[in-house]
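Encoded as structure tokens, the structure appears first; notes follow it.
The values are calculated or read from the model by the stated rules, or taken from the named source; none is laboratory data. All figures in this text were calculated on a predicted structure; none of them were measured in a lab. Reconstructed Cβ throughout: ideal geometry from the backbone, glycine too, with neighbour counts over all protein chains shown. These area figures cover heavy atoms from the full protein model, side chains too; ligands, DNA and RNA do not enter into them. Shrake-Rupley method; radii C 1.70, N 1.55, O 1.52, S 1.80 Å.
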Amino acid sequence: MTKLKHLYEDCAAYFDDLYAPDKKVYVFGDGDPEARIVLVGEAPGEQETLLGKPFVGRAGKNLDEFLRVTGLGRGELYITNVVKFRPVRPSSGQRVSNRPPTREEIGLFLPWLKRELALLEPSIIVTLGNVPLRAVSGRSLTIGQAHGTKLESAWGGEMFALYHPASIVYNPKLKETYLQDLAAFAQTAREMGLMRP
Ligand code: URA
């Protein structure tokens, strides 16, 4: 889809200019651009940056539960992030570690995400965690309030809020709730005719 490719090129040029002389490594969306279900995460991590795709490595493993419960394949989805580069902070020695994206970074990426989703035209957007929940809904909700529910996106389409798959690894008590939310999403997707019965 060339429009999407052009959008990603324009986005990279914009941020290259903004952060010059710093060079970021961008991770744009991946999957079927015609997919009716689009997943939106927070920001890429180390593996994503190395492989150039969202939710690979450990984060990809965390997403497996979503695929298992819904019966959807990665190829039937489009997966992207709010922030398209890995937010890092200095760690020990020369190393860096992940940090959450800042409010400013999220704000700068918002118009790009809006344009990306307008080109993709999904039937439903699934947000993974707080950052995409707030970005896509345009509301200052918390995932604790909104998880497992269908909402209206800030730009007019349907969205469904899920916990970030990594949060289940950090907080195993959420697992049961996450599984219930996945079942609720699968039900919603079936009702919308997006999945096999
Ligand atoms: N990897 C991604 O691509 N996005 C996330 O939100 C987390 C890990």
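I'm trying to understand the selection: among the residues of region 150-189, which are free of Cβ contacts under 8 Å to residues at least 24 places away in the same chain and closer than 18 Å to GLU65 by Cα?
TYR170, ASN171, PRO172, LYS173, LEU174, LYS175, GLU176, GLN187
So which pairs qualify, if the first residue must be in region 112-131 and within 13 Å of the ligand (Cβ to nearest atom), the second must be of a type in the set (Phe, Trp, Tyr) and open to solvent by 10 Å² or more (accessible area, probe 1.4 Å), the Cβ gap must be under 7 Å, and the two must be at least 6 apart or on different chains?
Note: pairs meeting the criteria are GLY129/TYR163.
Write out, first by first residue and then by second, each pair whose Cβ atoms fall under 7 Å of each other, whose residues are 6+ apart or on separate chains, and whose first residue, in region 38-64, is modelled with pLDDT of 95 or more while the second is more than 9 Å from the ligand (Cβ to nearest atom) and part of a helix (DSSP H, G or I).
VAL38/LEU117; VAL38/LEU120; VAL40/VAL136
Looking for something at pLDDT 95 or above, farther than 20 Å from LEU4 by Cβ, open to solvent by 30 Å² or more (accessible area, probe 1.4 Å) and within 16 Å of the ligand (Cβ to nearest atom) - is there at least one such residue anywhere in region 177-184?
Scanning region 177-184, I find no residue that is at pLDDT 95 or above, farther than 20 Å from LEU4 by Cβ, open to solvent by 30 Å² or more (accessible area, probe 1.4 Å) and within 16 Å of the ligand (Cβ to nearest atom), so the answer is no.
Which is farther than 17 Å from ALA118 by Cα and at pLDDT 95 or above, of ALA13, ALA35? If you could, list the steps in order and put the result at the bottom.
Numbers: ALA35 fails: farther than 17 Å from ALA118 by Cα.
Residue meeting the stated conditions: ALA13.
Any idea how many residues of region 67-91 are over 13 Å from the mean Cα position of the chain (by Cα), of a type outside the set (Gly, Ala, Ser) and farther than 19 Å from ASP16 by Cβ?
Within region 67-91, residues that are over 13 Å from the mean Cα position of the chain (by Cα), of a type outside the set (Gly, Ala, Ser) and farther than 19 Å from ASP16 by Cβ number 9.
Under 7 Å by Cβ, and 6 or more places apart or on different chains, what pairs join a residue from region 88-107 that is open to solvent by less than 80 Å² (accessible area, probe 1.4 Å) with one that is among the charged types (D, E, K, R)?
VAL88/ARG99; VAL96/ARG89; SER97/ARG89; ARG99/ARG89; PRO101/GLU42
Please enumerate the residues belonging to region 128-162 that are in a helix (DSSP H, G or I), in contact with a helix residue (DSSP H, G or I) (Cβ under 7 Å, 6 or more places away or on another chain) and within 27 Å of GLU9 (Cβ to Cβ). Lay out the reasoning, then the answer.
From region 128-162, those in a helix (DSSP H, G or I) are 130-137, 143-146; that's our starting set.
Okay, now just the ones that are also in contact with a helix residue (DSSP H, G or I) (Cβ under 7 Å, 6 or more places away or on another chain), so 130-131, 133, 135, 143, 146.
Result: VAL131, ALA135.
Could you tell me whether LYS24 is within 12 Å of the chain's Cα centre (by Cα) and open to solvent by 30 Å² or more (accessible area, probe 1.4 Å)?
no
For residues in region 46-87 being small (Gly, Ala, Ser) and more than 20 Å from ARG196 (Cβ to Cβ), which is surrounded by the fewest Cβ atoms within 10 Å (Cβ to Cβ)? Let's see the steps before the verdict.
Let us first name the residues in region 46-87 that are small (Gly, Ala, Ser), namely 52, 57, 59-60, 71, 73, 75.
Retained after the next criterion (residues that are more than 20 Å from ARG196 (Cβ to Cβ)): 52, 57, 59-60.
Numbers: GLY52: 13, GLY57: 15, ALA59: 21, GLY60: 18.
Only one residue tops the list, namely GLY52.
Just one of GLN47, GLN94 is over 14 Å from the mean Cα position of the chain (by Cα), over 24 Å from LEU18 (Cα atoms) and within 15 Å of the ligand (Cβ to nearest atom); which is it?
GLN47
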